[in-house]
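The values are calculated or read from the model by the stated rules, or taken from the named source; none is laboratory data. Bear in mind the structure is a predicted one, so any value in this text is a computation, not a measurement. For neighbour counting, all protein chains shown are included, and Cβ atoms are generated from backbone atoms with ideal geometry for every residue, glycine included. We work out accessible area using only protein heavy atoms, side chains counted, and drop any ligands, DNA or RNA first. Shrake-Rupley method; radii C 1.70, N 1.55, O 1.52, S 1.80 Å.
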Amino acid sequence: TREVADYLGIPITYASHPDPDADQFDVTVQAQAFKVDSGPELCTHRLKTLPFMGWLAEHADPATAVIYYGFDRSEPSRIQRRSGIMSALGWRTDYPIALNWTRTIWDTSEIGIKRPNTYSAFKHANCIGCLKAGWQHWYIVYCTRPDIWAKGLWAEDEIGYAIHHDDTGPVYLADMEPKFAAMKAAGIPPTEHIDQQRFWAQANRIVIVNAVQDSIPCECI
């Protein structure tokens with residue numbers, strides 16, 4: 001972000017949580033919930049939405065301001081939802097990438113700015129340990145960021161509920177540790193750059209095969 005701002009000659013204006021060190025786990029533990037009913041995850045609201053809307057109310061004029069978002073053409077539902085929410089609050093929005101504005105560059109590498117390192121494993125430069133992400137994302141966290149995995153375990157313990165849940169109910173990070181350990185030992189690559197269906201088909205097949213082999217008695221005697 002700073003490299004892009006320096007290239008454009010525009011200072012960065014921070015409109016985020018007052019504690020720069022607060023992360024998704026800190027704010028949800030403080031709220032004692034990851035989300036409420038079917039609403040959005042509280043991390044997004046506490047870390048980004050609430051501070052940003054407060055900044056707009058203090059510094060911007062709805063009559064002249066336009067808020068730009070970096071959604072692309074593959075995200076029509078996000079664009080529609082964001083447009084509706086902001087319009088209802090009296091703000092205008094625009095989406096230069098999705099709406100095919102005339103572009104001078106297509107990739108920051110063209111101006112000497114490398115992509116964030118997170119793209120080597122993740123599809124997006126979102127929070128590592130995203131509370132909205134699936135298990136493929138969290139397998140990468142387990143393999144590459146044990147500090148964040150540990151903080152996720154701490155947050156679940158403090159709140160008393162799981163980040164993830166499926167049709168059978170909550171699934172805690174600790175519940176997945178044996179499977180993730182087996183996947184890591186089997187060499188399953190920690191990446192989102194493998195199609196989700198293919199990733200889990202491969203992972204489940206290898207873990208099951210290894211479990212069967214481990215259960216076969218030794219015949220060396």
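At-a-glance table
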{"read-out": "Anisotropy class of the stretch 92-191 from Cα gyration tensor, a/c 1.5 cut", "value": "prolate"}
{"read-out": "For the stretch 16-66: rounded, prolate or oblate by the Cα gyration tensor [a/c cutoff 1.5]", "value": "oblate"}
{"read-out": "Positive minus negative residues near Gly169 (Lys, Arg vs Asp, Glu; Cβ under 15 Å)", "value": "-4"}
{"read-out": "Ratio Rg/Rh, restricted to the stretch 47-135 and using Cα atoms, in which Rh is the Kirkwood radius", "value": "1.00"}
{"read-out": "Helix-derived mean residue ellipticity, 222 nm - over the chain, DSSP H n ≥ 4, -39500 (n - 2.57), to 500", "value": "-13500 deg cm²/dmol"}
{"read-out": "Heavy-atom surface of the chain, accessible at 1.4 Å and reported per residue (Å²)", "value": "66"}
{"read-out": "Along each principal axis, Cα extent of the chain, largest first, Å", "value": "83, 43, 30"}
{"read-out": "Whether the stretch 39-84 is rounded, prolate or oblate, judged on the alpha carbon gyration tensor where a/c under 1.5 counts as rounded", "value": "oblate"}
{"read-out": "Approximate spin-label separation Tyr14-Ile206, in nm, with each point projected 7 Å along Cα-to-Cβ", "value": "4.1"}
{"read-out": "Pairs from Lys35/Lys179; Lys35/Lys151; Lys35/Lys123 whose Cα-Cα separation, in the structure shown, is over 22 Å", "value": "Lys35/Lys179; Lys35/Lys123"}
{"read-out": "Trypsin sites (Lys or Arg not before Pro) within the stretch 65-154: DSSP coil, no more than 10 neighbouring Cβ in 10 Å", "value": "Arg103, Lys114"}
{"read-out": "Percent accessible area from carbon and sulfur atoms, the stretch 23-156, protein chains only, probe 1.4 Å", "value": "54"}
{"read-out": "Only Lys, Arg (+1) and Asp, Glu (-1) charged, at Cβ; the chain dipole about Cα centre in debye", "value": "660"}
